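Everything below concerns the one structure shown next.
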Amino acid sequence: MINWKLDVRLLAFIVLFIGLLMGIPTALAFYYHEGAAIKGFLIAYASIATFCALALIPTFPNKNKQMLSRDGYLVVTMTWVIATAFSAIPLVASGAYVDYSSAYFEIMSGFTTTGATVLPEIESLPKSILFWRSQTNWLGGMGIVVLFVALLPALGVSGTLLVGAESVGPTKDKLTPKIKNTALVLWSIYIGFSLLETIMLAFGGLSLYDAVTVTFSTMAAAGFCVKNASIGSFSSLYVDIVVTIFMLIAGANFALYYKALSGKLSSVLKDGELRVYLGIWAVVALLAALYLYISNTYSSFGESFRYSSFLTASILTTTGFATTDYVLWPAFPQLLFLFLFFIGGSAGSAGGGVKVIRIATLYKMGRAQIKQKIHPKGIFQVRVGQSTVPEELGRSIATFFGVYVFTGLVGTVLISLSGIDPLSSFAAAFLCLGNIGIGFGQVGPTGNFAFLHPLLKWVCSFLMLAGRLELFTVFVLFSKQFWKR
């Protein structure tokens, strides 16, 4: 049975927490004298205060602190839905966005680290609004609930179910005996890398505002930028290199950094998923660079590798930054990038997509099935790196991939109702589902989602949510069994 009182109270506290974090862009709005933005944030605060009062007063006191798996799925999914709803208010109330559908799409894109936008022009918007937009990237990168879990003991609730429902990947790493400490470790590493990247970008000539906002989206594997031309607007080889490195850092399993800091570097270097992840980036980047150089797209191999390595990292990690319009490139590198659409970052990373570990497992399962056909009585284990994949986990991964592709195809059909071409519809659906940010056709590096009908923006918002929470956390809420006692 669902513990409604507990769930509603948790949602209220999380929304209140989001409101507190909104204080940073509000301060910027006052600093930059952005009257419309100040008005938008104040309206958001009033809405949050009203919601929290209506949620907390009727549910006090709540003596039942028991949380079941159903509560975990419900709270996590509704956290993302409701947090987005209130966080979108400043965008539309300030007049920066034309309607609430567009504002909700933008913030859902932010929290889910998708990086897709409805804005045809970015730099004319208030700086505080753009900062909040980028800040949602950073908050969603490691997870809204994971950040909040550190406060849960004060409420008398264990956060294990919540973190498990929000974490990405087929397996969940519990780095420390207590889930609170695990959340603190992950966020400490995340903040540490964020500070390092900000310093390095500032050293490269970026203003503090630009350095922070770029870092927000890089470490979250997100892709929002306060510039119209994304990272390409800085025209800096140094910035390209720094951002490429940190995109790859964000797309790797953060549990590996904890192991490395704990003196277990040898186990990190032997990690099968990490090797496959870096191998895919290196091979695709080199192949694309060679083709770009041979086809005379760029005058030197170095220049070709600069752009191919950046964009390969951007799409593989599902960040969505761009330094050039790859849609103008020859077909071969574009098809390599399309291949990356179905991979994504590592499990336990800030990246979206199917995840490298699942793709590697499916490949090994395919090989094992071929061997089984040749040797029917043989027993073939599926191994990724040093780890053996249990048969049950293999079935779970295969099921996830099938549901993922089916969901993307349904999304493609729905988006095509807007009248856009099949390639753009396909790219838009899987871009949203994989939280990738940039695609092909009308949603390529220079495109946006402004052309979509408001109803289809809600469809895309749902795809982003389902993709970020890895499908089943969301889909389970639509089953009859979930609501039965």
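The values are calculated or read from the model by the stated rules, or taken from the named source; none is laboratory data. A quick note: this is a predicted structure, and the numbers were derived from the prediction, not measured. Methodologically, a virtual Cβ is constructed for each residue, glycine included, from the backbone with ideal geometry; neighbour enumeration extends over all protein chains shown.
Tabulated values for the structure
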| quantity | calculated |
| --- | --- |
| Hey, residue 398 outside any helix (DSSP H, G or I) and in contact (Cβ under 8 Å) with a residue 12 or more places away in the chain or not | no |
| Number of positions in segment 243-260 that are farther than 15 Å from residue 142 by Cα, surrounded by fewer than 24 Cβ atoms within 10 Å (Cβ to Cβ) and β-branched (Val, Ile, Thr) | 1 |
| Qualifying residue in segment 261-271 (condition: assigned to a helix (DSSP H, G or I) and either at pLDDT 95 or above or buried (at least 24 other Cβ atoms within 10 Å of the Cβ) (or both)) | no |
| Criterion (within 19 Å of residue 339 (Cβ to Cβ), small (Gly, Ala, Ser) and not in a loop (DSSP other than H, G, I, E, B)) met by exactly one of 408, 437 | 408 |
| Matching residues, segment 357-401, being of a type in the set (S, T, N, Q) and within 16 Å of residue 343 (Cα to Cα) | 361, 399 |
| Tally of residues being assigned to a loop (DSSP other than H, G, I, E, B), buried (at least 21 other Cβ atoms within 10 Å of the Cβ) and either touching a Cys at 6+ places or on another chain (Cβ under 6 Å) or in contact (Cβ under 8 Å) with a residue 60 or more places away in the chain (or both) across segment 120-145 | 1 |
| From 431, 477, residue being farther than 21 Å from residue 333 by Cα and in contact with a helix residue (DSSP H, G or I) (Cβ under 8 Å, 6 or more places away or on another chain) | 477 |
| Flag if residue 229 is buried (at least 18 other Cβ atoms within 10 Å of the Cβ), modelled with pLDDT under 95, closer than 23 Å to residue 435 by Cα and not polar (S, T, N, Q) | no |
| Residues (more than 29 Å from the chain's Cα centre (by Cα), in a helix (DSSP H, G or I) and free of Cβ contacts under 8 Å to residues at least 40 places away in the same chain) located in segment 52-85 | 53, 54 |
| In segment 444-472, the residues that are β-branched (Val, Ile, Thr) and modelled with pLDDT under 90 | 446 |
| Considering residues of segment 100-123 that are farther than 20 Å from residue 445 by Cβ and either of a type in the set (Phe, Trp, Tyr) or at pLDDT below 95 (or both) only, the residue farthest from the chain's Cα centre (by Cα) | 100 |
| Some residue of segment 243-255 being in a loop (DSSP other than H, G, I, E, B) and closer than 29 Å to residue 444 by Cβ | yes |
| Condition met for residue 371 (among the charged types (D, E, K, R) and surrounded by 14 or more Cβ atoms within 10 Å (Cβ to Cβ)) | no |
| Positions within segment 289-325 being out of contact with any Asp or Glu (no Cβ under 7 Å at 6 or more places or on another chain), farther than 21 Å from residue 351 by Cα, touching a residue at least 60 places away in the same chain (Cβ under 8 Å) and not in a loop (DSSP other than H, G, I, E, B), in sequence order | none |
| Search result, residues across segment 86-112 that are of a type in the set (Gly, Ala, Ser), crowded, with 24+ Cβ neighbours inside 10 Å, in a helix (DSSP H, G or I) and touching a Pro at 6+ places or on another chain (Cβ under 9 Å) | 103 |
| Number of positions in segment 22-51 that are part of a helix (DSSP H, G or I), of a type outside the set (Phe, Trp, Tyr) and crowded, with 18+ Cβ neighbours inside 10 Å | 9 |
| Residue ID - farthest from residue 136 (Cα to Cα), chosen from residues in segment 310-328 that are among the polar types (S, T, N, Q) and buried (at least 23 other Cβ atoms within 10 Å of the Cβ) | 312 |
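Residues checked against (1) surrounded by 18 or more Cβ atoms within 10 Å (Cβ to Cβ); (2) modelled with pLDDT of 95 or more; (3) among the hydroxyl-bearing types (Ser, Thr, Tyr); (4) within 23 Å of the chain's Cα centre (by Cα):
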{"site": "273", "(1), (2), (3), (4)": "yes, no, no, yes"}
{"site": "280", "(1), (2), (3), (4)": "yes, yes, no, yes"}
{"site": "285", "(1), (2), (3), (4)": "yes, yes, no, yes"}
{"site": "288", "(1), (2), (3), (4)": "yes, yes, no, no"}
{"site": "303", "(1), (2), (3), (4)": "no, yes, no, no"}
{"site": "308", "(1), (2), (3), (4)": "yes, yes, yes, yes"}
